[in-house]
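For reference, the structure discussed in these notes is given below.
The values are calculated or read from the model by the stated rules, or taken from the named source; none is laboratory data. Computed from a predicted model, the values in this text were never measured in an experiment. Cβ placement follows ideal geometry from the backbone for every residue including glycine, while neighbour counts extend to all protein chains displayed.
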Amino acid sequence: MKNILSALFISGVLMVFGCSKTQTQNAKNLLSPQEFSDSLSSIQDKIILDVRTPAEYSGGHIQDAINIDWNNGDFEQKTSSIDKNKTIMVYCLSGGRSSAAASYLRSAGYRDIKELDGGMMSWRAANLPVSMQQASQKKGYSKEQFNSLLQANSMVLIDFYADWCKPCKQLQPILEEIALENASTLKIIRINADESPDLCRELGIDGLPYLQLYKQKSIAWSHMGFIDKQTIISQIK
């Protein structure tokens, strides 16, 4: 009996330390924007991997990053040629896709994966350098254009979204219902975060979907993530 109890105790200790080790490793591989930037400078044998869409990549990316879209269906094929001994520095817009990509790459045998915590949103918020492509074709809102949307005599609900964001898509029909039911008192405006990265940085938008309710041009309420209809209605009444 003593031997069984001892074995169980040792197994439990090993499990605890095993979990702690994994958590520590994950924490070490999830880097703040400044840590990510410092690693880009200090690590020589690396691949910088942007797993967003080509449109997002063209709107601004980290210098020397290659673009392989996580959601495109050919991610496995396109990454199969990457040397598994290299350090992979991976990021997306806010961290969700890069986390999934990093998990896949680790399962595929890549030894050293480092993720940008908060993605390009946190990178821009930290005022770190962004390489631009097709800047002249950039869409979206400037801060001045955004301010012009806010009308003094009505409530304005801003919905920051992205085409790839599943909670954003789930929230859209709810907002459409609210817009119809409150057409005389509420104006709902949807802003694509991928097309307005500078505006998102200025407003501190660091996750999606992100709602901001303005009353008389002043922000009255905000919420990040999916939310039910009744909670939104309670804020506009």
Quick one: count up the residues across the stretch 178-227 that are under 17 Å from Gly118 (Cα atoms), part of a strand (DSSP E or B) and in contact (Cβ under 8 Å) with a residue 24 or more places away in the chain. 1
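Does Gly60 qualify as being at pLDDT 90 or above, surrounded by 11 or more Cβ atoms within 10 Å (Cβ to Cβ) and touching a Pro at 6+ places or on another chain (Cβ under 8 Å)? Even if it seems obvious, please write down each step before you answer.
On the way: at pLDDT 90 or above: yes; surrounded by 11 or more Cβ atoms within 10 Å (Cβ to Cβ): yes; touching a Pro at 6+ places or on another chain (Cβ under 8 Å): yes.
Taking the combined requirement at face value, the residue satisfies it.
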One residue from Ala135, Ala152, Ala162 being surrounded by fewer than 14 Cβ atoms within 10 Å (Cβ to Cβ), at pLDDT below 95 and either in contact with a Cys (Cβ under 7 Å, 6 or more places away or on another chain) or under 30 Å from Leu40 (Cα atoms) (or both): Ala135
If I ask for residues that are assigned to a loop (DSSP other than H, G, I, E, B) and either hydrophobic (A, V, I, L, M, F, W, C) or surrounded by fewer than 19 Cβ atoms within 10 Å (Cβ to Cβ) (or both), which ones from the stretch 94-115 would you list? Ala108, Gly109, Arg111
Leu157 meets each of (1) at pLDDT 90 or above; (2) assigned to a loop (DSSP other than H, G, I, E, B) with one exception, condition (2)
Can you name every residue in the stretch 69-93 that is farther than 17 Å from Asp112 by Cα and at pLDDT 90 or above? Asp69, Trp70, Asn71, Cys92, Leu93
